[in-house]
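Working notes, beginning with the structure itself.
The values are calculated or read from the model by the stated rules, or taken from the named source; none is laboratory data. Because the structure is a prediction, the values reported are computed rather than measured. Cβ: placed from backbone, ideal geometry, glycine included. Neighbour counts: every protein chain shown. Accessible surface is based on the protein model in full, side chains and every heavy atom, while ligands, DNA and RNA are left aside. Shrake-Rupley method; radii C 1.70, N 1.55, O 1.52, S 1.80 Å.
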Amino acid sequence: MFDQSIITKLQQISGKDQVLTDKADLICYSYDATQKQYLPDVVVHPGSAEEISQIMKLASENKIPVFPRGAGTGFTGGSVPTAGGIVLGLTRLDKILDIDEENLVATIEPGVVTAEFQKTVEKVGLFYPPDPASLKVSTMGGNVAECAGGPRCVKYGVTKDYIIGLEIVTPTGDVIKTGGPTMKGVVGYDLTKLICGSEGTLAIITEIVVKLLPKPEAKKTMLVLFDSIDGAAQAVSAIIRGKIIPTTLEFLDARTLDCIRQATDLDVPAAARAVLLIEVDGDREFLDKQVAKVSSIVQPLGVVETRVADTPEQSEALWQMRRSISASLRQVNPDKFNEDICVPRSKVPDMIRKIESISDHYQIPIVNYGHAGDGNIHVNIMVDEKTPGDHEKAEKAVFEVFQGALELGGTMSGEHGVGIMKAPFLDMELKANTIDYMKTIKRALDPNNILNPGKIFPSDV
Amino acid sequence: MAKLKKLEDYRDEIDQCVKCGGCRAHCPAFGAEKHEGRVARGKIALADSLLKGDVELEEKFLLDMSQCLLCGSCYSQCPNKVHTEDIVAATRREIANRKGLSTFGKGVGTVLKHQGVMNLLAKGGGAFSKLLFKKIPEQSGLRLRFPAPFISSDRTLPPLTSKPFRERHPEVIPGDPDKPTVLFFTGCGINYMYPDSGEALLKALKFIGVTVIIPKAQVCCGLPAVSAGAANTVESLAEENLAVFQQNKYDYIVTACASCHSGLTQIYPGMGEEFNEFRDKVKDIFVFLIEQGFADKLAQLPKRQDQVKVTYHDPCHLRNHGITAEPRAILKALPQVDFVEMEDAGTCCGLGGTYSVYHYDTSKKIGAKKAGFIKESGAELVATDCPGCIMQLQDSINHADEKQRVVHILDLVAEVLPE
């Protein structure tokens, strides 16, 4: 706990009500979806970039760590206050400042909830595609900081592909702008892209300029059950080779299907060893054609059954299989290590086989599903932390899964980022000189190492 | 002996929360005040800390625990199906255990236990007349919902009846011997505030020839006391009602109040095995009427020319248990009703047991949102299946300066049945 005078100054900056120091309040801002808990010394909810600037100057002077936080839904500990200090809650900055329908650009504050933003732009026929699973609660600031993905990214790309400008507060308290509302702009370094995915270590995002698309008129959902993961994976490549880029290409592996069979009464035929959930979008009159084309492309690849939705209700029923996974998994084992490796899409079957052999070796269930279209696999290592040895086995399995992904030219994180969870593995993927290059940037921009310290890099910067 | 679970009994359930934060999208209290302590995930972290001895019962802790409507919206959307509403209720009991009832929610315990405050209550603070309030037994949930010294004079309340529903009728109203016999669990809302809805229920049951038992010995279900953390009250009320259930012969217990339905089917079974056999007999009135083919009978009535636009509000305590289709089916079958669906019909009205007493401002914010959806629907009437919701929705509509009226579905049913 630091000096009371700091608390008083924070109260002067943001108002007494916005500065929380009671234990009960600190507990409520001590965790994220990693379930790791670290108590901050104080939680502040600033109301403007100007306040944040003053807070950063105060923190710099006194070398107090600052941890920016959105909705706290991250999977790698990006927002948890690992070194105490100040949690900077950004949810009060929740305004959609402008939707420019002529230029298809919106300007928003970081605390805007992703789904609310999507709903608002869709009301005027526009579209913001990135759709992380947490979108109903995640904030846009968090999405930018982590460069969030989602099922639709196979066709539309990830968060950074839509962010064209930012207002940020630097670790030393300057308020600067990067990029802007134009579709092109090459003056100076692309700082916007540098900040996207920087996990809150380089700047605090206070305003976001977002590129939008016209909203596709309609979409159509189909579910294809295959007799092998190879068939499903070949289908993914074949569909894309056939010049169709679906909006969604989600796969479920054999072990996921086993879980669903056990936990639900959904109709999953015994012959099905892999499932692809496919969605196409666009003008209504093209969709039936596209679905027919997808069906004929995948047919020779060991299809057990194809289900096509004709109504939104039927579409929801098909999605039910994908949505039931989370609850089904818990019936296997209560605790999960949830990784999100990404490999070139053609390597998905090889990766699944590697994971299956890791699972067999350690005798712990590993269940895989995810975004087949971009090779992003959600690897769920299911253990019971109460069983002695399970935790250690899971840690070894995680290491081998990362190793396997890297051997296939992949990465250990497609969506979740590094945070604290993957920091110990950073040098498996990045060469020492690459890490140095990154640390040099961090040191230059945050000389006191006060902004989200301890994240991404395993040791001191 | 009826016994409610202790906070430590929820240890495993607390561990089931994986802190995904999904509840932030569904919690009405969080929607009104965006503080993590308002939402299920925060409350579970706090309950966990209390069990581990990492936090004291400090003011902010009590505030966060009081800021829950026990509506179960979080549970219904939770991927791991964590019953936060039960964990919060158990935490409130734990608070009452450690610090005495009155610590939680300013005065709830005092209201129940001390005659002095009872008299103050009866003086009424303008909320209720002394004479009428005296008729309400000390342990009724209504006393918890309207502890008069604390209730805002800003709130619009229905008048109390001068003759409670149960005093108006014999204990047995015989019907067709071939038809089932039902025990009508009236609840306090219908008994003291909305007796006409009780009369409407009798009319509907008479219409289909059902024999009705209305035991005079039945008491409050105890749900407001669950909300207040008053474990002993809940347990003694449950035992009194258990005796009533055991002494009578009937096929079903019907309720016309979502809260009572929840008390009988969700709270009681957790208090002892002796309650289990009654759980399956409890039916919401509209579930019962649908099973008896009542909707078809209504559909045979000629449609009216001058139909009224009616929308439906899902009480949390029915929605959570999957009872959403039956009330709508009855409404749609009514000849005078032009049914329209409102946006977010299933979100909480903002009453939440004792919640609206201690957090009337937040409760009003939640209610205002609801009033907006009601207005947008274009309906003239809002029908629902819970006296508490009726009271709160009407209050919210009045505050929004709108004209819609809130009714029990039964009131509309009675309009079209013969005398």
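In the stretch A:420-461, what count of residues is obtained for those that are open to solvent by 40 Å² or more (accessible area, probe 1.4 Å) and touching a His at 6+ places or on another chain (Cβ under 9 Å)?
Looking only at that region, the number is 0.
Can you tell me which of A:D340, A:D350 is within 15 Å of A:F251 (Cα to Cα) and either within 14 Å of chain B (Cβ to nearest Cβ) or modelled with pLDDT of 95 or more (or both)?
A:D340
For the subset of the stretch A:1-40 comprising residues that are over 28 Å from the mean Cα position of the chain (by Cα) and assigned to a loop (DSSP other than H, G, I, E, B), which member is nearest to the other protein chains (Cβ to nearest Cβ)?
If we take residues in the stretch A:1-40 being over 28 Å from the mean Cα position of the chain (by Cα) and assigned to a loop (DSSP other than H, G, I, E, B), then A:D22 is nearest to the other protein chains (Cβ to nearest Cβ).
The rows are residues; the columns are (1) buried (at least 19 other Cβ atoms within 10 Å of the Cβ); (2) free of Cβ contacts under 8 Å to residues at least 12 places away in the same chain; (3) of a type in the set (A, V, I, L, M, F, W, C); (4) under 22 Å from A:S134 (Cβ atoms).
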| residue | (1), (2), (3), (4) |
| --- | --- |
| A:R284 | no, no, no, no |
| A:D288 | no, no, no, no |
| A:V291 | yes, no, yes, no |
| A:S295 | no, no, no, no |
| A:Q299 | no, yes, no, no |
| A:P312 | no, yes, no, no |
| A:W319 | no, no, yes, yes |
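Conditions tested, residue by residue: (1) touching a residue at least 12 places away in the same chain (Cβ under 8 Å); (2) part of a strand (DSSP E or B); (3) buried (at least 19 other Cβ atoms within 10 Å of the Cβ).
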residue: A:G150; (1), (2), (3): yes, no, yes
residue: A:K155; (1), (2), (3): yes, no, yes
residue: A:P171; (1), (2), (3): yes, no, yes
residue: A:T182; (1), (2), (3): yes, no, no
residue: A:G185; (1), (2), (3): yes, no, no
residue: A:Y189; (1), (2), (3): no, no, no
residue: A:K193; (1), (2), (3): yes, no, no
residue: A:T201; (1), (2), (3): yes, no, yes
residue: A:T206; (1), (2), (3): yes, yes, yes
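Being open to solvent by 10 Å² or more (accessible area, probe 1.4 Å), within 9 Å of chain A (Cβ to nearest Cβ) and over 21 Å from A:Q18 (Cβ atoms) is the filter here, so list the residues in the stretch B:18-56 that pass it.
Matches in the stretch B:18-56: B:V18, B:K19, B:C20, B:G22, B:C23, B:A25, B:H26, B:D48, B:D54, B:E56.
Suppose we filter the stretch A:400-419 for residues that are open to solvent by 40 Å² or more (accessible area, probe 1.4 Å) and assigned to a loop (DSSP other than H, G, I, E, B); how many remain?
1
Would you check if B:S227 is more than 22 Å from B:D178 (Cα to Cα), out of contact with any Lys or Arg (no Cβ under 8 Å at 6 or more places or on another chain) and of a type in the set (G, A, S)?
no
Residues that are at pLDDT 90 or above: which helices (runs of 4 or more DSSP H) entirely in the stretch B:26-138 hold 3 or more of them?
It comes to B:28-32, B:40-52, B:59-66, B:73-77, B:84-99.
Answer yes if at least one residue in the stretch B:391-398 is within 30 Å of B:L301 (Cβ to Cβ) and open to solvent by 40 Å² or more (accessible area, probe 1.4 Å), and no otherwise.
Within the stretch B:391-398, one or more residues are within 30 Å of B:L301 (Cβ to Cβ) and open to solvent by 40 Å² or more (accessible area, probe 1.4 Å).
Is the stretch B:192-206 home to any residue that is farther than 21 Å from B:C68 by Cβ, polar (S, T, N, Q), part of a helix (DSSP H, G or I) and open to solvent by less than 10 Å² (accessible area, probe 1.4 Å)?
Taking every residue of the stretch B:192-206 in turn, at least one turns out to be farther than 21 Å from B:C68 by Cβ, polar (S, T, N, Q), part of a helix (DSSP H, G or I) and open to solvent by less than 10 Å² (accessible area, probe 1.4 Å).
Taking the residues in the stretch A:109-143 that are part of a strand (DSSP E or B) and in contact with a Leu (Cβ under 6 Å, 6 or more places away or on another chain) as candidates, determine which candidate is surrounded by the fewest Cβ atoms within 10 Å (Cβ to Cβ).
This residue is A:F127.
Is it fair to say A:E356 is away from chain B (no Cβ under 14 Å), over 16 Å from A:D230 (Cα atoms) and under 25 Å from the mean Cα position of the chain (by Cα)?
No: the conditions fail for A:E356.
In the list B:D64, B:D15, which residue meets the criterion of being open to solvent by less than 10 Å² (accessible area, probe 1.4 Å) and within 9 Å of chain A (Cβ to nearest Cβ)?
Among B:D64, B:D15, only B:D64 is open to solvent by less than 10 Å² (accessible area, probe 1.4 Å) and within 9 Å of chain A (Cβ to nearest Cβ).
Taking interchain pairs and intrachain pairs at least six residues apart, which have beta carbon atoms under 7 angstrom, with the first residue in the stretch A:347-369 and free of Cβ contacts under 8 Å to residues at least 60 places away in the same chain and the second part of a helix (DSSP H, G or I) and open to solvent by 50 Å² or more (accessible area, probe 1.4 Å)?
Hits for this filter: A:I358/A:E400; A:Y362/A:K393; A:Y362/A:K396; A:I364/A:K393.
Condition test on A:I164, is it within 23 Å of the chain's Cα centre (by Cα), more than 14 Å from chain B (Cβ to nearest Cβ) and assigned to a strand (DSSP E or B)?
yes
Would it be correct to say that A:T256 is more than 14 Å from every other protein chain (Cβ to nearest Cβ), in contact with a Phe, Trp or Tyr (Cβ under 7 Å, 6 or more places away or on another chain) and polar (S, T, N, Q)?
yes
Being part of a strand (DSSP E or B) and more than 17 Å from the chain's Cα centre (by Cα): is that true of B:D344 here?
no
Scan the stretch A:357-396 for residues that are open to solvent by less than 30 Å² (accessible area, probe 1.4 Å) and either farther than 24 Å from B:D15 by Cβ or in a strand (DSSP E or B) (or both) and report the count.
Summing the residues that are open to solvent by less than 30 Å² (accessible area, probe 1.4 Å) and either farther than 24 Å from B:D15 by Cβ or in a strand (DSSP E or B) (or both) in the stretch A:357-396 gives 19.
Checking A:I64 against (1) under 21 Å from the mean Cα position of the chain (by Cα); (2) outside the structural domain of A:T159 (by TED's automatic domain parsing); (3) β-branched (V, I, T), which single condition isn't satisfied?
(1)
Which ones in the stretch B:371-397 are over 29 Å from B:G263 (Cα atoms) and outside any loop (DSSP other than H, G, I, E, B)?
Passing the criteria: B:G372, B:K375, B:E376, B:S377.
In the stretch A:41-90, which residues are open to solvent by less than 10 Å² (accessible area, probe 1.4 Å), within 12 Å of chain B (Cβ to nearest Cβ) and in a loop (DSSP other than H, G, I, E, B)?
Matches in the stretch A:41-90: A:A71, A:G72, A:G77, A:V80.
Could we say that A:D94 is more than 14 Å from chain B (Cβ to nearest Cβ) and either open to solvent by 30 Å² or more (accessible area, probe 1.4 Å) or among the polar types (S, T, N, Q) (or both) here?
For A:D94, the condition - more than 14 Å from chain B (Cβ to nearest Cβ) and either open to solvent by 30 Å² or more (accessible area, probe 1.4 Å) or among the polar types (S, T, N, Q) (or both) - is not met.
Scan (1) part of a loop (DSSP other than H, G, I, E, B); (2) under 19 Å from the mean Cα position of the chain (by Cα) for the single condition B:A217 breaks and write down its number.
Exception for B:A217: condition (2).
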